[in-house]
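The values are calculated or read from the model by the stated rules, or taken from the named source; none is laboratory data. What you are looking at is a predicted structure, and each value in this text was computed from that prediction instead of being measured. Cβ atoms come from the backbone with ideal geometry, glycine included; neighbour counts cover every protein chain shown. We work out accessible area using only protein heavy atoms, side chains counted, and drop any ligands, DNA or RNA first. Shrake-Rupley method; radii C 1.70, N 1.55, O 1.52, S 1.80 Å.
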Amino acid sequence: MQSSPTPSPAHSRRSVLTGLGLAAATPLALGITTRPERPSAPAAPAGPDVPAGPTVLLRGASLVLTMDPTLGSGTLGALESADVLMRGGTIAAVGTGLRPPPGARVVDVSGKLVMPGFVDTHTHLWQAVIRGGCTDGDLFGWFTRCTDPQRGRLTPQALHSFVRLAALDAVQSGVTSLVDWVDIFSYDLIESYVRALAATGVRFTYAMFPSESDPTLVAKVKKELLDPVPLADFQVATHAARAVQHLNHAHWEAAQDLGVMLNSHVLERPEQRADDPIGVLTDIGALGPRLLINHAIHLTDDEIAAVAAHDVRAAHCPLSNMRLASGIMRLTEFGRRGVKVGLGLDGGTNDSSDFHALMKTAIGLQRARATQAQVFPQVHDVLRMATLGGAEALGIADRTGSLTPGKRADVVVVDPAALNFAPRFDWVGQTVFNARPENVEAVFVDGRPLKFDGRLVGVDTQRVVREAETAATRLRAAG
């Protein structure tokens, strides 16, 4: 992958990145530095008071999947031999033979595939500390032996290390937007969490679970920590259950007061049927397009019908659901009823951030369940779920999820010239069934390169790993 100004002399990798808006201070700009116990605020990656992203023309892609049928063929809006122009942090144009504006950087993407970045609708980044742990446990065993003991030992510095590690792993695999459901309660830990996320440059939503009915803390976190970060959004998180219906109601009221979505785990395990989460969410008046339900595996026909009728949004986490023996979401039925569903990596219980594996699994589980290959989702369905569908589920499709001009420039470049991908047969199908994170050559968020030439920009990955390892060792020793 080569980049050059117009006209195009030869450039080193360093000069290329400088031209893309990332100079020698990139590690500081992205917050990749040694952190004190209370990390100081990093420079914001982009926003109203920050210079806009560089002007970049991705020239000559063999295939562009715009996810906008008005721009290309089929439901994925496919274009062959096309260009994508990013300017001021937005998609400026998509088409064939685009002329680069003065001063634009031209990146040769011939032989490559360009598409919107992945939207991870449900994760728990801090759980990177327990990747690969409790491998013989179901959901409740995972809570008892992995999640709960580690959460209680977290320090701001350790938390920062784990969140940074997992967020950068997501970015390098092509994730440009994510929703992090967080049950971390003290303000200093929340502050460290948000700063770690903001420093990576990824677009993110912090879904905060307040352990008590404390609208003051919720408003304070949103106002002081999230609102100042240009790429951040906020949600109120909850666990819908009869036993805590009063808390669920308080969470819904807080979400309404703040004008944000309510985000709830729902029926991940059959034992949670006794909690009657859909009934609770109905009784508190939360069913509607500002409700996101995660997992939603063990819903009845009537409950799926109610979710569809009220335009409730859902996050499907197939890899995690397999790992914890939770069951298989009735995704085909959700699709038949038109429910807006996105895909979620689900943090530590996924053990990695491989979105291609997530797409492949979403297809494979439904085929295994039905013993039919033609059931929903098909390849084009799952690619849409991974991008525009996820953005629709989160209510941010006006900003991201497709390469529609005017939207934010959240873009990935995939290189199929690899042993696991080649030879070319059907690139759309191969993107789902063959691709892996190492095929993601570049990742742009708001037009800024976070990964380029196959490497994270301005990130010392060995140091990131080393600091996370050190923090994990200390936490386990403290137990």
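Listed by first and then second residue, the pairs linking a residue in segment 435-452 that is of a type in the set (G, A, S) to a residue that is assigned to a strand (DSSP E or B), with Cβ atoms under 6 Å apart and 6 or more places separating them unless they lie on different chains, are A442/V413; A442/K451; A442/F452; G447/M86. All of (1) farther than 24 Å from N248 by Cα; (2) touching a Lys or Arg at 6+ places or on another chain (Cβ under 6 Å); (3) among the aliphatic types (A, V, I, L, M) hold for V163 with one exception: (2). The condition of being crowded, with 23+ Cβ neighbours inside 10 Å and closer than 25 Å to H298 by Cα holds for G348. Applying the set (1) free of Cβ contacts under 8 Å to residues at least 60 places away in the same chain; (2) under 21 Å from R399 (Cα atoms); (3) not charged (D, E, K, R) to T200 leaves exactly one unmet item: (1). Please verify whether segment 180-200 includes one or more residues that are at pLDDT 95 or above, over 15 Å from the mean Cα position of the chain (by Cα), within 16 Å of A232 (Cβ to Cβ) and among the polar types (S, T, N, Q). Yes; the residues of segment 180-200 include at least one that is at pLDDT 95 or above, over 15 Å from the mean Cα position of the chain (by Cα), within 16 Å of A232 (Cβ to Cβ) and among the polar types (S, T, N, Q).
Does segment 316-333 contain at least one residue that is under 18 Å from A397 (Cβ atoms), open to solvent by 20 Å² or more (accessible area, probe 1.4 Å) and not in a loop (DSSP other than H, G, I, E, B)? Within segment 316-333 (the criterion being under 18 Å from A397 (Cβ atoms), open to solvent by 20 Å² or more (accessible area, probe 1.4 Å) and not in a loop (DSSP other than H, G, I, E, B)), the answer is no, since none of the residues qualifies.
Could you pull out the residue among R463, R424, R455 that is surrounded by fewer than 19 Cβ atoms within 10 Å (Cβ to Cβ), basic (K, R) and touching a residue at least 24 places away in the same chain (Cβ under 8 Å)? Please lay out each step first, then the result.
Working: R424 fails: touching a residue at least 24 places away in the same chain (Cβ under 8 Å); R455 fails: touching a residue at least 24 places away in the same chain (Cβ under 8 Å).
Every option except R463 fails the conditions.
The numbered conditions (1) under 21 Å from R399 (Cα atoms); (2) surrounded by fewer than 24 Cβ atoms within 10 Å (Cβ to Cβ) are all true for L287 except (1).
Out of R13, R99, I need the residue that is open to solvent by 10 Å² or more (accessible area, probe 1.4 Å), basic (K, R) and at pLDDT 95 or above. Which one?
Working: R13 fails: at pLDDT 95 or above.
Of the residues listed, the single one that is open to solvent by 10 Å² or more (accessible area, probe 1.4 Å), basic (K, R) and at pLDDT 95 or above is R99.
Suppose the filter is exposed (fewer than 15 other Cβ atoms within 10 Å of the Cβ) and at pLDDT 90 or above; does P116 pass it?
Against the criterion (exposed (fewer than 15 other Cβ atoms within 10 Å of the Cβ) and at pLDDT 90 or above), P116 does not qualify.
Of all the residues in segment 72-96, those that are crowded, with 20+ Cβ neighbours inside 10 Å and part of a loop (DSSP other than H, G, I, E, B) number 4. Of the residues V109, V50, the single one that is modelled with pLDDT under 95 and not basic (K, R) is V50.
Can you tell me how many residues within segment 357-400 are part of a helix (DSSP H, G or I), touching a strand residue (DSSP E or B) at 6+ places or on another chain (Cβ under 9 Å) and open to solvent by less than 20 Å² (accessible area, probe 1.4 Å)? Can you show your working first?
Kept after step one, since they are part of a helix (DSSP H, G or I), are these residues of segment 357-400: 357-370, 379-394.
Restricting the remaining residues to those that are touching a strand residue (DSSP E or B) at 6+ places or on another chain (Cβ under 9 Å) gives 358-359, 362, 382-383, 385-394.
Still in the list and also open to solvent by less than 20 Å² (accessible area, probe 1.4 Å): 358-359, 362, 382-383, 385-391, 393-394.
Total meeting the criteria: 14.
If you check T473 against the conditions, is it among the β-branched types (V, I, T) and more than 21 Å from the chain's Cα centre (by Cα)?
On the way: among the β-branched types (V, I, T): yes; more than 21 Å from the chain's Cα centre (by Cα): yes.
Against the criterion (among the β-branched types (V, I, T) and more than 21 Å from the chain's Cα centre (by Cα)), T473 qualifies.
For every residue, the table says whether it meets (1) in contact (Cβ under 8 Å) with a residue 40 or more places away in the chain; (2) under 30 Å from G141 (Cα atoms); (3) charged (D, E, K, R).
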site	(1), (2), (3)
A325	yes, yes, no
F334	no, yes, no
L343	yes, yes, no
H380	yes, no, no
T387	yes, no, no
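Let's see how each residue does on (1) among the small types (G, A, S); (2) under 29 Å from D180 (Cα atoms):
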| site | (1), (2) |
| --- | --- |
| L71 | no, no |
| G74 | yes, no |
| L79 | no, no |
| A82 | yes, no |
| A104 | yes, no |
| D108 | no, no |
| G111 | yes, no |
| P116 | no, yes |
| W126 | no, yes |
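Considering L394, L450, L403, L388, the condition of being under 28 Å from A199 (Cβ atoms) and in contact with a helix residue (DSSP H, G or I) (Cβ under 7 Å, 6 or more places away or on another chain) is satisfied by L450 alone.
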